[in-house]
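Encoded as structure tokens, the structure appears first; notes follow it.
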Amino acid sequence: MAGGVTVNIDGMMGSPEEIRVSALDRGFLYGDSVYEVVRTYEGVPFALEEHFARLSRSAERLAIPLPLRSTLLREMRRTLAFAGCKDAYCRLIVTRGSGPISLDPTTASKPLTVILVKPYQPFPEWMFERGIRVAIPQIRRTSPRSLDPAIKSGNYLNSVLAVGEARAAFLDDALMLDGEGNIAEATSSNVFILRDDEVSTPALEGGLLAGVTRGLLIDLLAQHGFVCSERAISVEEVLDADEVMLTSTLREVMPVVEVAGNRIAEGVPGPLARKLKSLFHEYALERTRRDAEWERP
């Protein structure tokens, strides 16, 4: 099904029009689900171990039983093979299942597994060459006192609203603040800054998701002589930064050149962003090429 979206729901494969989820599924009704997005390089999923570990932690915190790892791997292989694209976007979702319309999680039937695969669409090259512009929206990240930020759940309403606010201002994304007014993360990415030769990223305690790419980049920085501090980062520090970058599975490393109407440094992508993007992409290719667990298409 090259070119379109392939759907696998509990082992049933087809297009989104053919294979559907019940209207009573709790993932649809309440966002009562966990998920991971995995990118493949040359047909092999990248950082699958880290993604599966985070999926397991998220499911445990919500008390959603996960299928066996072997089952998830088998269905991912089937779906990717059916989709027929080597460089793919793969979204793995596990919902609590269906049941009566009730907030009570104990009324759910068995969990539902959904796998979505489509060809990976690279971000436009101009974004890396010229950098992107981001807003600082009114809406903030959910407080850790309200919901554990380590849970990657299907409820992304505050990010949806933040993206909407950014788009209304003709901007590319948004940096969201935590309850203390410090930078937490972007709507679906983590944030790194370079300021006075120090690389920093917001600490997890501020209420953000521990991104897989974030963790790998911290390690890569250390391997190449950079010390990355994890700490609270104020808006003023970001505006005064030499470089600002967003990182995620799909973006890898994306330079930011304007924040809330303020130009960052010279207003062009800096050398660290370019270096990290190259290092990370090379690392991803090398790691997937030596992945012994995955059968290449």
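The values are calculated or read from the model by the stated rules, or taken from the named source; none is laboratory data. Owing to the predicted nature of the structure, the values given are computational and were not obtained by experimental measurement. Backbone-built Cβ (ideal geometry, glycine too); neighbour counts: all protein chains shown.
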Could you tell me which residue of the stretch 221-248 is surrounded by the most Cβ atoms within 10 Å (Cβ to Cβ), considering only residues that are in a loop (DSSP other than H, G, I, E, B) and of a type in the set (Gly, Ala, Ser)? Ala241
Under 7 Å between Cβ atoms, which residue pairs at least 6 apart in sequence (or on different chains) link something in the stretch 111-127 that is assigned by TED's automatic domain parsing to the domain that holds Leu246 and crowded, with 19+ Cβ neighbours inside 10 Å with a partner that is among the polar types (S, T, N, Q) and assigned to a loop (DSSP other than H, G, I, E, B)? none
Pick out the one residue from Arg287, Arg251, Arg274 that is farther than 28 Å from Glu205 by Cα, modelled with pLDDT of 95 or more, charged (D, E, K, R) and surrounded by 14 or more Cβ atoms within 10 Å (Cβ to Cβ). Arg274
Residues of the stretch 48-66 being touching a residue at least 24 places away in the same chain (Cβ under 8 Å) and within 17 Å of Val117 (Cβ to Cβ), which ones? Leu48, His51, Leu55
Any chance Ala59 is outside the structural domain of Leu209 (by TED's automatic domain parsing), on the phi < 0 side of the Ramachandran plot and either surrounded by fewer than 19 Cβ atoms within 10 Å (Cβ to Cβ) or outside any helix (DSSP H, G or I) (or both): no
Residues satisfying the stated conditions in the stretch 36-55, i.e. surrounded by 20 or more Cβ atoms within 10 Å (Cβ to Cβ) and either hydroxyl-bearing (Ser, Thr, Tyr) or over 16 Å from Arg69 (Cβ atoms) (or both): Arg39, Thr40, Val44, Phe46
Among the residues of the stretch 83-111, count how many are in a loop (DSSP other than H, G, I, E, B) and aliphatic (A, V, I, L, M). 3
Pairs with Cβ under 9 Å, 6+ apart, first in the stretch 231-260 and not assigned by TED's automatic domain parsing to the domain that holds Leu216, second modelled with pLDDT of 95 or more and surrounded by fewer than 16 Cβ atoms within 10 Å (Cβ to Cβ): none
Within the set of pairs 6 or more residues apart or between chains, which connect a residue that is not assigned by TED's automatic domain parsing to the domain that holds Asp178 inside the stretch 130-155 to a residue that is assigned to a loop (DSSP other than H, G, I, E, B) and of a type in the set (Gly, Ala, Ser) with Cβ atoms less than 6 Å apart? none
What number of residues within the stretch 227-254 satisfy the criterion of being of a type outside the set (S, T, N, Q) and under 25 Å from His51 (Cβ atoms)? 9
Could you tell me whether any residue of the stretch 185-201 is of a type in the set (Ser, Thr, Tyr), in contact (Cβ under 8 Å) with a residue 12 or more places away in the chain, part of a helix (DSSP H, G or I) and not assigned by TED's automatic domain parsing to the domain that holds Glu49? no
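So is Ile218 touching a helix residue (DSSP H, G or I) at 6+ places or on another chain (Cβ under 6 Å) and either part of a helix (DSSP H, G or I) or farther than 22 Å from Glu258 by Cβ (or both) or not?
Numbers: touching a helix residue (DSSP H, G or I) at 6+ places or on another chain (Cβ under 6 Å): no; either part of a helix (DSSP H, G or I) or farther than 22 Å from Glu258 by Cβ (or both): yes.
The answer is no for Ile218.
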